[in-house]
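S.K.: Before I ask anything, let me first share the structure, which is written out below as structure tokens.
The values are calculated or read from the model by the stated rules, or taken from the named source; none is laboratory data. In this text the structure is predicted, and so the values were computed from the model without any measurement. For neighbour counting, all protein chains shown are included, and Cβ atoms are generated from backbone atoms with ideal geometry for every residue, glycine included.
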Amino acid sequence: MNNRITKEGLVSLSYLLLIPGLKLIYFFLNRIPRPATSVLTPVDNYIPFIPVFVVPYVIFYPFVLLGLIYLFKNNREVYIHTIKAYSLGLVVCYLTYLFFQTTMPRPEVTGNDIFSKIVAWIYYIDEPYNALPSIHVLGTMITMLGLKEGKYSNLLINLLGWSIILSTVFIKQHGILDVIAALVLCHFVFNTFTSTETVGEDVPVRIGNKGM
């Protein structure tokens, strides 16, 4: 088994930088003072605030990163496909925030436990804007779809992914419509590209059994 990464492979790996690069735009849009619309639904009022769900919420970052790295190592074409879909999804989100800014009313965090403190910190660094579609949900579902197409989708991956998605409403970062909009968007952008594209001469590096 040859795990040597070619020059083309390094170029492919560098595509990962597109994601944090694009996410810089998020913070800019998150702090522009302008009117925002609440898309809270009656259903959201019945969803409890559960601080412990901040754990899967922050697991989002390693979940996406490790998922993309796995695809890079095992199926380069699906990796490129997933990066393109994620990037397009982010662009659509930012255009939505620019022309139709939304907000999410947040509860007052009164608990002194570690989970409540982490939620309070997230509220502090992230203004209650850029709500619809949810980028957390977008990134999670696109990663799940990429892993599924790359033949690495199991119960643990799905449980972890859906716990991240649910966490966005349980810590009141997002509402139901934010989640639905993101799920619709991620399926649209993921199907926009075909993973059968030829990426130069860069042959995917496979680890383990061929069936994976």
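S.K.: Please go through the range 28-49 and give me each residue that is closer than 15 Å to Ile176 by Cα and of a type in the set (Phe, Trp, Tyr), ordered by number.
M.R.: Tyr46, Phe49
S.K.: As an exercise: evaluate Ile180 against (1) assigned to a helix (DSSP H, G or I); (2) closer than 27 Å to Glu127 by Cα; (3) in contact with a helix residue (DSSP H, G or I) (Cβ under 7 Å, 6 or more places away or on another chain) and give the number of the one condition it does not meet.
M.R.: Against the list (1) assigned to a helix (DSSP H, G or I); (2) closer than 27 Å to Glu127 by Cα; (3) in contact with a helix residue (DSSP H, G or I) (Cβ under 7 Å, 6 or more places away or on another chain), Ile180 comes up short only on (3).
S.K.: Also: Test Phe49 against the stated conditions and say whether it is of a type outside the set (Val, Ile, Thr), over 16 Å from the mean Cα position of the chain (by Cα), surrounded by 14 or more Cβ atoms within 10 Å (Cβ to Cβ) and not in a helix (DSSP H, G or I).
M.R.: yes
S.K.: Now for a different question. Taking the options Ile59, Ile69, Ile122, name whichever one is without any contact (Cβ under 8 Å) to a residue 60 or more places away in the chain, in a helix (DSSP H, G or I) and closer than 25 Å to Leu160 by Cα.
M.R.: Ile69
S.K.: If I ask for residues that are out of contact with any Pro (no Cβ under 9 Å at 6 or more places or on another chain) and either assigned to a loop (DSSP other than H, G, I, E, B) or hydroxyl-bearing (Ser, Thr, Tyr) (or both), which ones from the range 125-134 would you list?
M.R.: Answer for the range 125-134, where residues must be out of contact with any Pro (no Cβ under 9 Å at 6 or more places or on another chain) and either assigned to a loop (DSSP other than H, G, I, E, B) or hydroxyl-bearing (Ser, Thr, Tyr) (or both): Asp126, Glu127, Tyr129, Asn130, Ala131, Leu132, Pro133, Ser134.
S.K.: Go over the candidates Leu160, Leu156 one by one and state the one that is among the aliphatic types (A, V, I, L, M), within 23 Å of Asn74 (Cβ to Cβ) and surrounded by 15 or more Cβ atoms within 10 Å (Cβ to Cβ).
M.R.: Leu160
S.K.: Would you mind telling me which numbered condition in (1) modelled with pLDDT of 95 or more; (2) closer than 16 Å to Leu88 by Cβ; (3) part of a loop (DSSP other than H, G, I, E, B) Thr194 fails?
M.R.: Of the numbered conditions (1) modelled with pLDDT of 95 or more; (2) closer than 16 Å to Leu88 by Cβ; (3) part of a loop (DSSP other than H, G, I, E, B), the odd one out for Thr194 is (1).
S.K.: Only one of these is at pLDDT below 95, in contact with a Leu (Cβ under 9 Å, 6 or more places away or on another chain) and surrounded by fewer than 19 Cβ atoms within 10 Å (Cβ to Cβ): Ile69, Ile59. Name it.
M.R.: Ile69
S.K.: Conditions first: (1) part of a helix (DSSP H, G or I); (2) within 17 Å of Asp126 (Cβ to Cβ); (3) at pLDDT below 90. Ile32 passes all but one, so which condition is the exception?
M.R.: Looking at each condition in turn, Ile32 falls short on (1).
S.K.: Looking at (1) of a type outside the set (A, V, I, L, M); (2) under 24 Å from Val43 (Cα atoms); (3) touching a Lys or Arg at 6+ places or on another chain (Cβ under 6 Å), can you tell me which one Ser116 breaks?
M.R.: (3)
S.K.: Given the conditions (1) part of a loop (DSSP other than H, G, I, E, B); (2) in contact with a Leu (Cβ under 9 Å, 6 or more places away or on another chain); (3) at pLDDT 95 or above, report the number of the one that Val137 does not fulfil.
M.R.: (1)
S.K.: While we're looking at this one, here's another question. Answer yes or no as to whether Pro107 is surrounded by fewer than 22 Cβ atoms within 10 Å (Cβ to Cβ) and outside any helix (DSSP H, G or I).
M.R.: Answer is yes for this residue.
S.K.: Quick check on my filter: what residues within the range 72-97 are farther than 20 Å from Phe188 by Cα and either touching a Cys at 6+ places or on another chain (Cβ under 7 Å) or assigned to a helix (DSSP H, G or I) (or both)?
M.R.: Matches in the range 72-97: Phe72, Lys73, Asn74, Arg76.
S.K.: Could you identify the single residue in Leu132, Leu90, Leu166 that is touching a strand residue (DSSP E or B) at 6+ places or on another chain (Cβ under 7 Å) and modelled with pLDDT of 95 or more?
M.R.: Step by step, each of Leu132, Leu90, Leu166 is checked, and only Leu132 is touching a strand residue (DSSP E or B) at 6+ places or on another chain (Cβ under 7 Å) and modelled with pLDDT of 95 or more.
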